[in-house]
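These notes are about the structure you will find just below.
Since every read-out is calculated from the coordinates, none of them should be taken as a lab result. Treat the numbers as computed from the prediction; the structure is a model and nothing was measured. Note that we place each Cβ from the backbone using ideal geometry, even for glycine, and neighbour counts take in every protein chain shown.
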Amino acid sequence: MPCVADGRATPEPLARPATQRDNIDKRIADLTETRDRLDSVITGATTNLLTGRSCRAENVLPVPAQDDQAPG
């Protein structure tokens, strides 16, 4: 970037890093959404394993905390 080389900033070189930052923000949002979906799948499957209840989204209950589970 020119501002690093000569100490002066202009609008043109700022556009590229701003666009890159926006792209990173979009990827972060996409990854967060994917992680949330995976959490839902993990919760549903764990609930099914522990209770026998269907792991479909409408039937998912929160997984009990470790202290709340009956000894195995």
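Put a dot 7 Å past the Cα of S54, heading toward its Cβ, do the same for E33, and the two dots end up 2.6 nm apart. Please say if the range 15-58 is rounded, prolate or oblate, where rounded means a/c under 1.5 for a ≥ b ≥ c the square roots of the C-alpha gyration tensor eigenvalues, and otherwise the choice is prolate for a/b larger than b/c and oblate otherwise? Prolate, since a/c reaches 1.5 and a/b exceeds b/c. Counting charges near A15 (Lys, Arg +1; Asp, Glu -1) among other residues having Cβ under 14 Å from its Cβ returns a value of 0.
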